[in-house]
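*Asks:* Structure provided below as C-alpha cells; questions to follow.
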Amino acid sequence: MNQFFQNVWKGLNSSPKYLESKYFYDEAGDKIFEEIMECPEYYLTNCEREIFQKQTAALTDKFLSQLKEFDVVELGAGSAAKTSYLLKHMVSQGIDFTYYPIDISGNVISNLTKNLPAKIPGLILHGLNGDYFDMLDELKLMSDRNKVVLFLGSSIGNINLEDTEDFFRLLRSHLLPGDMVLIGFDLKKDPQIILAAYNDKEGITKRFNLNLLKRINKDLDADFDITAFEHKPVYDAETGACKSYLVSSKNQSVRIGEVGRIQFNKGESIYMEISQKYTVAQTDTFAINSGFKPVHHFFDSKNWFLDTLWQAV
Ligand SMILES: C[S@@+](CC[C@H](N)C(=O)[O-])C[C@H]1O[C@@H](n2cnc3c(N)ncnc32)[C@H](O)[C@@H]1O
C-alpha cells in the first residue's frame with residue numbers, strides 16, 4: 001500500500017476525520033495555490049513580497065555579516081517568486097552560492113530547474129524533490145558549506161503549535177553551528193482580515209481544499225462527490241489558530257478504491273489544515289528553545305508579517 005493511501009485511510013477513519021495538508025500539492029494544487037497567492041484577500045504574499053523586494057540588500061548583508069560563504073536552501077520552495085528577488089540580488093553581487101530548493105512536489109522542482117536559471121542568468125540551482133528532512137539528509141552528502149535555510153510563506157503555520165518547537169529542534173539537528181534560517185511567520189491581527197484570507201470571494205481557497213478530494217478520487221480510485229462538501233475556515237483569535245474544514249452537506253458514503261467505504265453524517269467535517277498566527281515574542285521563544293538565537297526581525301510596512309533571521313548556536 002502506498003504512503004498516500006495509508007495516510008488518507010488513517011485520517012478518514014479517525015475521529016474527528018482529517019487529511020494531511022502536504023497532499024494539497026499535486027500539479028493542480030500547485031497551480032491553485034499560485035492563484036491563492038495572487039488573490040486580493042491573501043495578504044501574506046504581498047507582505048512577504050514587500051520584504052523581499054525592499055529589504056533584499058539588508059537581508060544579504062545580515063547573511064554576510066555572519067557567514068563568509070554559504071549555500072541557500074529553501075524548504076517548500078513552491079514558485080520561489082519571492083525568493084527570486086533575493087537570488088537575483090545575490091547573483092548580481094557576485095556572491096558564490098548554490099541554491100537548493102526542496103519540495104515534495106516533483107512538478108515544483110522540475111519547473112524551478114527549467115525556468116529559474118533562465119530567468120536569473122548565473123544562478124546555480126540544484127533541486128531536491130522530497131520531504132524536507134530526507135532532502136536535508138541528502139544535502140549533507142553534497143555540500144559541507146554553511147547554509148542559509150529559507151522557510152517562507154508562513155508554511156510553519158501548517159504545523160500545530162504544540163509540535164512547532166519539535167520541528168525547529170529537528171531542523172537544528174540537521175544544521176551546523178553558525179548556519180542561519182530565515183522563517184516567515186504570519187502575525188496575529190484583526191480576525192476579519194485573517195479569516196478573509198482563507199475565505200476569498202472568488203472561492204479559490206475552497207477549490208484548493210476540494211482539489212485534495214479530487215486527487216484522492218484520481219490517485220486512489222475513490223468516489224468523493226465534491227459538490228457535497230462545503231469549505232469552512234474558523235479563526236480563534238485567542239490561540240491564533242486558523243483552521244480549514246470541509247463539511248459534508250448530507251449523509252453520504254464514499255468508496256476509497258477496493259478497500260472500503262467511509263461514512264459521513266450531514267454536518268460532519270474533515271479537518272484539512274491549520275494556518276497558525278503568532279506574536280513576535282512567541283517566535284523569539286521558539287528560537288531560544290530549539291537551539292537558535294534570534295538575529296534580526298524583518299517586518300513589512302504594515303507589521304502584519306515577520307521574516308525572522310535566526311542563527312544556529
Ligand atoms: C504553502 S506553499 C509555500 C511556497 C513558498 N514557500 C511560498 O512562500 O510561496 C508550500 C510548499 O511546500 C511544499 N511542501 C509542503 N509540505 C512539504 C514537505 N513535508 N516537504 C517538502 N515540501 C513540502 C509544497 O509542495 C508547496 O510547494
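The values are calculated or read from the model by the stated rules, or taken from the named source; none is laboratory data. Owing to the predicted nature of the structure, the values given are computational and were not obtained by experimental measurement. Note: ideal-geometry Cβ built from the backbone for every residue, glycine included; neighbour counts use all protein chains shown. Side chains included, ligands, DNA and RNA excluded: accessible areas come from the protein's heavy atoms. Shrake-Rupley method; radii C 1.70, N 1.55, O 1.52, S 1.80 Å.
*Asks:* Do you know which residues across region 191-207 are touching a strand residue (DSSP E or B) at 6+ places or on another chain (Cβ under 7 Å), open to solvent by less than 70 Å² (accessible area, probe 1.4 Å) and in a loop (DSSP other than H, G, I, E, B)?
*Replies:* First, pick out the residues of region 191-207 that are touching a strand residue (DSSP E or B) at 6+ places or on another chain (Cβ under 7 Å): 191, 194-195, 198-199, 205-206.
Next cut, open to solvent by less than 70 Å² (accessible area, probe 1.4 Å) only: 191, 194-195, 198, 205.
Result: Tyr198, single match.
*Asks:* Restricting attention to region 61-82, which residues are touching a Pro at 6+ places or on another chain (Cβ under 8 Å) and over 11 Å from Val149 (Cβ atoms)?
*Replies:* Within region 61-82, Ala77, Ala80 qualify.
*Asks:* Taking the options Leu12, Leu59, name whichever one is in contact (Cβ under 8 Å) with a residue 60 or more places away in the chain, away from the ligand (no atom under 13 Å from the Cβ) and within 30 Å of Glu258 (Cα to Cα). It would help to see each step written out before you state the result.
*Replies:* Numbers: Leu59 fails: within 30 Å of Glu258 (Cα to Cα).
Exactly one of Leu12, Leu59 is in contact (Cβ under 8 Å) with a residue 60 or more places away in the chain, away from the ligand (no atom under 13 Å from the Cβ) and within 30 Å of Glu258 (Cα to Cα), namely Leu12.
*Asks:* Here's something else I'd like to know. Would you mind finding the one in Ala118, Ala77 that is at negative phi, away from the ligand (no atom under 15 Å from the Cβ) and at pLDDT 95 or above?
*Replies:* Details: Ala77 fails: away from the ligand (no atom under 15 Å from the Cβ).
Selected residue: Ala118, the only one of Ala118, Ala77 that is at negative phi, away from the ligand (no atom under 15 Å from the Cβ) and at pLDDT 95 or above.
*Asks:* Out of the residues in region 272-295 that are within 26 Å of Leu195 (Cβ to Cβ) and among the small types (Gly, Ala, Ser), which is surrounded by the most Cβ atoms within 10 Å (Cβ to Cβ)?
*Replies:* In this case the residue turns out to be Ser275.
*Asks:* Quick check on region 174-188: of everything there that is more than 13 Å from the ligand (Cβ to nearest atom) and of a type in the set (A, V, I, L, M), which residue is surrounded by the fewest Cβ atoms within 10 Å (Cβ to Cβ)?
*Replies:* So, considering only residues that are more than 13 Å from the ligand (Cβ to nearest atom) and of a type in the set (A, V, I, L, M), the one surrounded by the fewest Cβ atoms within 10 Å (Cβ to Cβ) is Leu176.
*Asks:* When residues of region 15-42 are filtered for being more than 13 Å from the ligand (Cβ to nearest atom) and under 18 Å from Ala196 (Cβ atoms), how many remain?
*Replies:* 3
*Asks:* Let me ask something else about it. Suppose the filter is aromatic (Phe, Trp, Tyr) and either open to solvent by 20 Å² or more (accessible area, probe 1.4 Å) or more than 19 Å from the chain's Cα centre (by Cα) (or both); does Phe298 pass it?
*Replies:* Criteria not met by Phe298.
*Asks:* Sticking with this one: Restricting to region 301-313, name every residue that is closer than 25 Å to Gly178 by Cβ and crowded, with 16+ Cβ neighbours inside 10 Å.
*Replies:* Leu306, Asp307, Thr308, Leu309, Trp310, Gln311, Ala312 - these are the residues of region 301-313 that are closer than 25 Å to Gly178 by Cβ and crowded, with 16+ Cβ neighbours inside 10 Å.
*Asks:* Separate question: Check Phe52, Phe24 and return the single one that is open to solvent by less than 50 Å² (accessible area, probe 1.4 Å), in contact with a Lys or Arg (Cβ under 6 Å, 6 or more places away or on another chain) and of a type in the set (A, V, I, L, M, F, W, C). Spell out the reasoning first.
*Replies:* Working: Phe24 fails: in contact with a Lys or Arg (Cβ under 6 Å, 6 or more places away or on another chain).
The match here is Phe52.
*Asks:* Residues to consider are Leu123, Leu86, Leu112, Leu136; find the one that is over 17 Å from the mean Cα position of the chain (by Cα), within 16 Å of the ligand (Cβ to nearest atom) and open to solvent by less than 20 Å² (accessible area, probe 1.4 Å).
*Replies:* Selected residue: Leu86, the only one of Leu123, Leu86, Leu112, Leu136 that is over 17 Å from the mean Cα position of the chain (by Cα), within 16 Å of the ligand (Cβ to nearest atom) and open to solvent by less than 20 Å² (accessible area, probe 1.4 Å).
*Asks:* From Ser65, Ser105, which residue is polar (S, T, N, Q) and under 21 Å from His174 (Cβ atoms)?
*Replies:* Exactly one of Ser65, Ser105 is polar (S, T, N, Q) and under 21 Å from His174 (Cβ atoms), namely Ser105.
*Asks:* Quick one: what pairs do we get from region 76-93, first residue over 16 Å from Ala118 (Cβ atoms), second among the aromatic types (Phe, Trp, Tyr) and away from the ligand (no atom under 16 Å from the Cβ), C-beta under 9 Å, 6+ apart or different chains?
*Replies:* So the pair list comes out as Met90/Phe63; Met90/Phe97.
*Asks:* Oh, and also: State which residue is surrounded by the fewest Cβ atoms within 10 Å (Cβ to Cβ) when the search covers only region 259-271 and only residues that are assigned to a strand (DSSP E or B) and hydrophobic (A, V, I, L, M, F, W, C).
*Replies:* Here the residue is Ile262.
*Asks:* In this structure, is Ile102 within 15 Å of the ligand (Cβ to nearest atom), crowded, with 21+ Cβ neighbours inside 10 Å and either of a type in the set (D, E, K, R) or at pLDDT 95 or above (or both)?
*Replies:* yes
*Asks:* Within region 139-173, how many residues turn out to be within 12 Å of the ligand (Cβ to nearest atom) and open to solvent by 40 Å² or more (accessible area, probe 1.4 Å)?
*Replies:* Here the count works out to 2.
*Asks:* May I ask you to list pairs of residues, at least six apart or on different chains, whose Cβ atoms are under 7 Å apart, with the first in region 33-47 being open to solvent by 70 Å² or more (accessible area, probe 1.4 Å) and the second being within 11 Å of the ligand (Cβ to nearest atom)?
*Replies:* Taking only residues 6 or more apart or on different chains, the pairs are Glu34/Ser79.
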